[in-house]
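First comes the structure, then the notes that go with it.
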Amino acid sequence: MEKLNLHKQKLYALIVAAVGVISCILPWWKISYGGFGISASINGLHELGWISFLGFIAAGVVTFFMGDKTKPYEGQEKMIAAAAFAAGGGIALIQFLRQTHFASFGIFLAIAAGVVGALWVWGIIKMPAK
């Protein structure tokens, strides 16, 4: 971690952004056709879900490339990163509300990553003191 020279807040935000990206690849809906043994799953890169994917990518890019990496979020960088996390989680929430019946674990993970990421960037969720 010292070799990356990342502040802990930014390191954990980068991890949450990676979780959000992975959640978009996981199944968001799983449909099973009863006793016929036929099932299908749809990941988060369909319909509006790709915007959620781009939101998590943007949060990671802002975290890694903007501002001073050794300091916590501040100013415009903080607003952009929080908005990117909120967009990723918000689009996942909209997709969930559009179709709640066949929801799978990937969409719940995307919503959680968006909420936790935005709250982490704003400093509402803090690292426990040692």
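Worth pointing out:
- Meets criteria (at pLDDT 90 or above and aromatic (Phe, Trp, Tyr)) for PHE56: yes
- Restricting segment 15-49 to residues that are β-branched (Val, Ile, Thr) and in contact with a strand residue (DSSP E or B) (Cβ under 6 Å, 6 or more places away or on another chain), the residue that is nearest to LEU109 (Cα to Cα): ILE25
- Within this structure, LEU97 passes the test of being out of contact with any helix residue (DSSP H, G or I) (no Cβ under 8 Å at 6 or more places or on another chain), assigned to a helix (DSSP H, G or I) and either closer than 16 Å to LEU14 by Cβ or not polar (S, T, N, Q) (or both).
- Given (1) surrounded by fewer than 21 Cβ atoms within 10 Å (Cβ to Cβ); (2) within 20 Å of ASN5 (Cα to Cα), index of the condition THR63 fails: (1)
- Against the numbered list (1) among the hydrophobic types (A, V, I, L, M, F, W, C); (2) assigned to a strand (DSSP E or B); (3) buried (at least 19 other Cβ atoms within 10 Å of the Cβ), VAL16 comes up short only at (2).
- Hey, GLY106 within 14 Å of the chain's Cα centre (by Cα), at pLDDT below 90 and part of a helix (DSSP H, G or I) or not: yes
- Close pairs from segment 4-25: first closer than 11 Å to VAL121 by Cα, partner among the basic types (Lys, Arg) and modelled with pLDDT under 85, Cβ under 7 Å, at least 6 apart: LYS10/LYS69
The values are calculated or read from the model by the stated rules, or taken from the named source; none is laboratory data. Source: prediction; values computed, not measured. With ideal geometry, Cβ positions are generated from the backbone for all residues, glycine too; neighbour counts draw on all protein chains shown.
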